[in-house]
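Mind looking over this structure? Questions follow.
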Amino acid sequence: MRLHPAVIGAAEDVLREVMRFTGPADVILSRYFREHPKLGSRERNAVAEGVYAVLRNKLAYASFSESGHGPAMRRLVLLGLGETVGADALAGLSEEEGAWLNRIAQIDRSSLPVNLRANFPQWLLDKLIARDGEAAALALADALNRPAPLDLRVNALNWKREDIIAELAKAPILCEPTPYSPLGIRVPKKPALQNLPLFKEGAIEVQDEGSQLLALILGAKRGEMVVDFCAGAGGKTLALGAAMRNTGRLYAFDVSEKRLAKLKPRLARSGLSNVHPVVIAHENDAKVKRLVAKIDRVLVDAPCSGLGTLRRNPDMKWRQTPETVAELTVKQASILASAARLVKPGGRLVYATCSLLDEENEAIAQQFLASNEGFSLVPMRDVLAEQKIALDMQDYLKLVPQVHQTDGFFAAVFVRNK
């Protein structure tokens, strides 16, 4: 069955705004769909997937579109929709456009120049090639330019993974256990979860397996005092609260009241009562200082370039620049130094990002150790062994999609010396 002819026009409208790169693509899409309620779920899905395909393949599509006719934005949208839903599903194509899409589909992508194969901004591609070599950089780019599956985390407070998988099978939703996180379930397709009783009851939350592992390596236990220093919308906070078996005290700090507000309904669903969301003005807020040297475990999931999440947020690669990354590294070092003050002797501090860049990852960890003699690095292989996670790592956690099928994540674990 063909899609409604309005799909192409809607995708053009959204893409025009997204390509200004003034804000996140998912926020722009959500707003557009709210303003156009007549678009059905199939049409909304096609528009979103088409726009994301353009963001993933922007350089290659720009090159391909030079051969087409008509407005440039329409050509880009047709390439995105042609790739995701197929030219046959599109109503309102001219005969010429259909023939053009078929010709483009015949192109052997592996024969394209390196920059068009990677579809990365040149500064980022150069950085990755200098570090990893061309073949490895292209393998990473290829993995990041594919849509991610949907990962769920089971709420360990009241549910077991095998029971949830059995329940989802009845829906019927095809899924499988994730290989590393004992609480993870991978769903290849993207069903409407919010209508499921399991979701409404708080049995499952959407969370990438890599993000689940960050919560696990903090090792939060019953009755402890724990801080999630950059809690955001609280995915890891909820995982930590369940790991603590709803005991102790878990502070969810964030500078954004809006982000913490998104945690409230999730918290209500989860059944947790040990979580205390706190809006802070900055990392040196008086609310932070009150907890100096009192906390057992602190997680710093620092604001970062987000380049590890390109499978889900392909616009991030076009929105970041060497200058924005340099600004972020200053912020990351400052946040980590401030969060470290909360850790009591013998306590654990985890620094994490969803970035792939050394300057946001190892460089920050090494800089922190150099200026904080009271802390030592705990090798990641020891932390993973303690948590019984079957991953082969050395000093740090480094997850990449082409190897681990997760988003790109980095983590370092420190302990405050007694």
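The values are calculated or read from the model by the stated rules, or taken from the named source; none is laboratory data. Just so it is clear, the model here is predicted, and its values are computed rather than measured. For neighbour counting, all protein chains shown are included, and Cβ atoms are generated from backbone atoms with ideal geometry for every residue, glycine included. Quick note on the areas: whole protein, heavy atoms, side chains included, nothing else; ligands and nucleic acids left out. Shrake-Rupley method; radii C 1.70, N 1.55, O 1.52, S 1.80 Å.
Would you mind finding the one in Ala281, Ala215, Ala220 that is hydrophobic (A, V, I, L, M, F, W, C), open to solvent by less than 30 Å² (accessible area, probe 1.4 Å) and more than 18 Å from the chain's Cα centre (by Cα)? Walk me through how you get there before you give the answer.
Values: Ala281 fails: open to solvent by less than 30 Å² (accessible area, probe 1.4 Å); Ala215 fails: more than 18 Å from the chain's Cα centre (by Cα).
From the options Ala281, Ala215, Ala220, the qualifying one is Ala220.
Shifting gears a bit: Report, ordered by the first and then the second residue, all pairs with beta carbons closer than 7 Å, sequence separation of six or more or different chains, a first member in region 344-362 that is open to solvent by 10 Å² or more (accessible area, probe 1.4 Å), and a second member that is of a type in the set (Asp, Glu) and modelled with pLDDT of 95 or more.
So the pair list comes out as Lys344/Asp296; Cys354/Asp407.
Another question about this same structure. Kindly state which strands (runs of 3 or more DSSP E) lie completely within region 178-288 and contain at least 2 residues that are of a type in the set (Phe, Trp, Tyr).
Hits in region 178-288: 249-254.
Still on this structure, please answer the following. Can you spot a residue in region 373-396 that is more than 27 Å from Leu150 (Cα to Cα) and among the small types (Gly, Ala, Ser)?
yes
Let me ask something else. Is there a residue being in contact with a Ser or Thr (Cβ under 6 Å, 6 or more places away or on another chain), closer than 24 Å to Arg311 by Cβ and of a type in the set (A, V, I, L, M) anywhere in region 55-74?
Of all residues in region 55-74, those in contact with a Ser or Thr (Cβ under 6 Å, 6 or more places away or on another chain) come to none.
Looking through region 55-74, none of the residues is in contact with a Ser or Thr (Cβ under 6 Å, 6 or more places away or on another chain), closer than 24 Å to Arg311 by Cβ and of a type in the set (A, V, I, L, M).
Could you list, in sequence order, the residues of region 296-349 that are in a strand (DSSP E or B) and out of contact with any helix residue (DSSP H, G or I) (no Cβ under 9 Å at 6 or more places or on another chain)?
Asp296, Val343, Lys344, Pro345, Gly346, Gly347
Going by the conditions given, is Gly50 surrounded by 21 or more Cβ atoms within 10 Å (Cβ to Cβ), closer than 28 Å to Pro191 by Cβ and in contact with a Lys or Arg (Cβ under 9 Å, 6 or more places away or on another chain)? Before the answer, list the steps.
Values: surrounded by 21 or more Cβ atoms within 10 Å (Cβ to Cβ): yes; closer than 28 Å to Pro191 by Cβ: yes; in contact with a Lys or Arg (Cβ under 9 Å, 6 or more places away or on another chain): no.
It is false that Gly50 is surrounded by 21 or more Cβ atoms within 10 Å (Cβ to Cβ), closer than 28 Å to Pro191 by Cβ and in contact with a Lys or Arg (Cβ under 9 Å, 6 or more places away or on another chain).
Also, I was wondering about something else. Taking Glu96, is it open to solvent by 20 Å² or more (accessible area, probe 1.4 Å) and either out of contact with any helix residue (DSSP H, G or I) (no Cβ under 8 Å at 6 or more places or on another chain) or not in a helix (DSSP H, G or I) (or both)? Outline the logic, then answer.
On the way: open to solvent by 20 Å² or more (accessible area, probe 1.4 Å): yes; either out of contact with any helix residue (DSSP H, G or I) (no Cβ under 8 Å at 6 or more places or on another chain) or not in a helix (DSSP H, G or I) (or both): yes.
The answer is yes for Glu96.
Do we find that Pro303 is over 27 Å from Arg20 (Cα atoms), open to solvent by 30 Å² or more (accessible area, probe 1.4 Å) and out of contact with any Phe, Trp or Tyr (no Cβ under 8 Å at 6 or more places or on another chain) in this structure? Full working, then the answer.
Numbers: over 27 Å from Arg20 (Cα atoms): no; open to solvent by 30 Å² or more (accessible area, probe 1.4 Å): yes; out of contact with any Phe, Trp or Tyr (no Cβ under 8 Å at 6 or more places or on another chain): yes.
Against the criterion (over 27 Å from Arg20 (Cα atoms), open to solvent by 30 Å² or more (accessible area, probe 1.4 Å) and out of contact with any Phe, Trp or Tyr (no Cβ under 8 Å at 6 or more places or on another chain)), Pro303 does not qualify.
Can you pull out the helices (runs of 4 or more DSSP H) entirely within region 1-67 that have at least 2 residues that are in contact (Cβ under 8 Å) with a residue 24 or more places away in the chain and not acidic (Asp, Glu)?
Details: elements: 6-18, 25-35, 41-56, 58-65.
The helices (runs of 4 or more DSSP H) meeting that bar are 6-18, 41-56, 58-65.
Search region 47-75 for residues being over 24 Å from Arg34 (Cβ atoms) and of a type in the set (A, V, I, L, M, F, W, C), and hand back the single one that is modelled with the lowest pLDDT.
Within region 47-75, the match that is modelled with the lowest pLDDT is Ala72.
Return a yes/no flag: does region 311-327 have any residue that is among the charged types (D, E, K, R), more than 15 Å from Leu124 (Cα to Cα) and touching a residue at least 24 places away in the same chain (Cβ under 8 Å). Explain how you work it out, then say what you get.
Taking region 311-327 first, the residues among the charged types (D, E, K, R) are 311-312, 315, 317, 319, 323, 327.
The next check asks that each one be more than 15 Å from Leu124 (Cα to Cα); those that pass are 311-312, 327.
So of that shortlist, the ones also touching a residue at least 24 places away in the same chain (Cβ under 8 Å) come out as 311-312.
Yes: one or more hits.
Does any residue in region 382-406 that is free of Cβ contacts under 8 Å to residues at least 60 places away in the same chain come within less than 7 Å, Cβ to Cβ, of a residue that is assigned to a loop (DSSP other than H, G, I, E, B) six or more places away or on a different chain, and which pairs are these?
Gln394/Pro379; Asp395/Pro379
If we keep just the residues of region 236-263 that are under 20 Å from the mean Cα position of the chain (by Cα) and either in contact (Cβ under 8 Å) with a residue 60 or more places away in the chain or open to solvent by 30 Å² or more (accessible area, probe 1.4 Å) (or both), which is farthest from Arg222 (Cα to Cα)? Walk me through it before giving the result.
Here is the first cut: in region 236-263, the ones under 20 Å from the mean Cα position of the chain (by Cα) are 236-240, 252-256, 258-263.
Add one more test, that the residue is either in contact (Cβ under 8 Å) with a residue 60 or more places away in the chain or open to solvent by 30 Å² or more (accessible area, probe 1.4 Å) (or both), and what stays is 236, 238-239, 255, 258-259, 261-262.
Details: Lys236: 16, Leu238: 14, Ala239: 13, Val255: 27, Lys258: 29, Arg259: 26, Ala261: 26, Lys262: 25 Å.
Only one residue fits best here, namely Lys258.
Just wondering, is there one or more residues in region 210-229 that are modelled with pLDDT of 95 or more, of a type in the set (Val, Ile, Thr) and under 25 Å from Val27 (Cβ atoms)?
There is no residue in region 210-229 that is modelled with pLDDT of 95 or more, of a type in the set (Val, Ile, Thr) and under 25 Å from Val27 (Cβ atoms).
When you scan region 2-22, do you find a residue that is open to solvent by 70 Å² or more (accessible area, probe 1.4 Å) and under 20 Å from Ile107 (Cβ atoms), even just one? Before you say what the answer is, go through the steps one by one.
Within region 2-22, the subset open to solvent by 70 Å² or more (accessible area, probe 1.4 Å) is 2, 4-5, 13, 16, 20, 22.
Keeping just the survivors that are under 20 Å from Ile107 (Cβ atoms) gives none.
No, the conditions are met nowhere in region 2-22.
Report, by residue number, each residue of region 184-198 that is open to solvent by 50 Å² or more (accessible area, probe 1.4 Å) and over 16 Å from the mean Cα position of the chain (by Cα). Before the answer, list the steps.
Here is the first cut: in region 184-198, the ones open to solvent by 50 Å² or more (accessible area, probe 1.4 Å) are 188-190, 192, 194-195, 197.
Those that are open to solvent by 50 Å² or more (accessible area, probe 1.4 Å) and over 16 Å from the mean Cα position of the chain (by Cα): Pro188, Lys189, Ala192, Gln194, Asn195, Pro197.
Let me ask another. Taking the stated definitions as given, is Leu90 touching a Leu at 6+ places or on another chain (Cβ under 7 Å), more than 30 Å from Asn195 (Cα to Cα) and open to solvent by less than 20 Å² (accessible area, probe 1.4 Å)? Full working, then the answer.
Details: touching a Leu at 6+ places or on another chain (Cβ under 7 Å): yes; more than 30 Å from Asn195 (Cα to Cα): no; open to solvent by less than 20 Å² (accessible area, probe 1.4 Å): yes.
For Leu90, the condition - touching a Leu at 6+ places or on another chain (Cβ under 7 Å), more than 30 Å from Asn195 (Cα to Cα) and open to solvent by less than 20 Å² (accessible area, probe 1.4 Å) - is not met.
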